[in-house]
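Worksheet: the structure to be examined is printed underneath.
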Amino acid sequence: MASQELERRPVYEQVAHHLREQILTGELAPGTPLPPERELCERFGVGRTTIREALRSLQTKGLAVASGPTSPLRVVAPDALTTEPLRDTLVHLLRLGRVPLDDLIGLRRALEGAGAADAAVRDPKPDLTAARDQIAFQRAAGTDLEAFETADIRFHLELVRASGNEALTIVMLAVRDAIAAVLLETLRALDDPAPTVAQLIREHEAILQAVIDGDAEAARRLSGDHLTRFYSSHRP
């Protein structure tokens, strides 16, 4: 196999760049193993150390993963990519204080409002069974705050998914995970969380009904009010 000429800059970066482009263009499909080190050495005309540095770079960016220490690297699946590197970046920025919690809450409000509004006017109508089920799970959770939190998070995610907008869903996954702990910490801090839980469920039902009714403006407004009311009224 002929060597592939590289530019005069850190060679491992060039190798990583070429492999990254193959991943992002689909030439290397999600879930498929990356070429063996020997093949990559021949392709780029470099040594194993350079190839290993390039592969580590892809792993750091979340584009290549391994199921075990001796398993071959594979191209990351889209769902793993969206729920890990972007989420971790937001979590780190939040904890370092570079992105205030209020800013992430505002972003979540914008994302969920847009998702609910789009779901309301989507044609054909989306299947809202999963969102409806999550409300039922919230009611069944009773005093189990962890179970309620899980169903609450999934309800909001299912509404955004119902919009059919994959970009919204991707960013929502990351933002959700970055601030998810706030809900549980807040509920645990209350002397009696039952009234707050009941209110949250009623608001979820109202948002879902607006989506079912096809009322985009009401869905957007109720979603925004719901998040604003909770996070402004309760702080952990």
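Close contacts from segment 169-189, counting a first residue that is under 22 Å from residue 201 (Cβ atoms) and at pLDDT 85 or above and a second that is of a type in the set (S, T, N, Q) and surrounded by fewer than 19 Cβ atoms within 10 Å (Cβ to Cβ), with Cβ to Cβ under 8 Å and a gap of 6+ residues or different chains, come to 187/196. Taking segment 97-124 as the range and being without any contact (Cβ under 8 Å) to a residue 24 or more places away in the chain and more than 20 Å from the chain's Cα centre (by Cα) as the test, the residues that pass are 97, 123, 124. Considering only segment 99-117, state which residues are among the acidic types (Asp, Glu) and either open to solvent by 20 Å² or more (accessible area, probe 1.4 Å) or at pLDDT below 85 (or both). Hits for segment 99-117 are 102, 103. Scanning segment 220-233 for residues that are of a type outside the set (Asp, Glu) and within 12 Å of residue 109 (Cα to Cα) gives 220, 221, 222, 223, 224, 226, 227, 228, 229, 230, 231. When restricted to residues that are without any contact (Cβ under 8 Å) to a residue 12 or more places away in the chain and either among the acidic types (Asp, Glu) or within 20 Å of residue 221 (Cα to Cα) (or both), segment 126-156 contains 2. Taken over segment 63-73, the criterion of being open to solvent by less than 100 Å² (accessible area, probe 1.4 Å) and either free of Cβ contacts under 8 Å to residues at least 24 places away in the same chain or farther than 20 Å from residue 174 by Cβ (or both) is satisfied by 65, 66, 68, 71, 72, 73. Within segment 155-185, the set of residues being open to solvent by 30 Å² or more (accessible area, probe 1.4 Å) and either among the acidic types (Asp, Glu) or under 27 Å from residue 97 (Cα atoms) (or both) comprises 158, 166, 167, 170, 171, 176, 177, 181, 185. Note on segment 129-163: residues that are within 23 Å of residue 177 (Cβ to Cβ), over 16 Å from the mean Cα position of the chain (by Cα) and not in a helix (DSSP H, G or I) amount to 1. Scanning segment 36-51 for residues that are in a helix (DSSP H, G or I) and either open to solvent by less than 30 Å² (accessible area, probe 1.4 Å) or in contact (Cβ under 8 Å) with a residue 24 or more places away in the chain (or both) gives 39, 40, 41, 42, 43, 44, 50, 51.
Scanning for something outside any helix (DSSP H, G or I) and modelled with pLDDT of 95 or more, does segment 201-213 turn up at least one residue? For segment 201-213, residues outside any helix (DSSP H, G or I) and modelled with pLDDT of 95 or more: present.
The values are calculated or read from the model by the stated rules, or taken from the named source; none is laboratory data. Because the structure is predicted, anything quoted here is derived from the model rather than measured. Note: ideal-geometry Cβ built from the backbone for every residue, glycine included; neighbour counts use all protein chains shown. Accessible surface areas use protein heavy atoms only, side chains included; no ligands, DNA or RNA. Shrake-Rupley method; radii C 1.70, N 1.55, O 1.52, S 1.80 Å.
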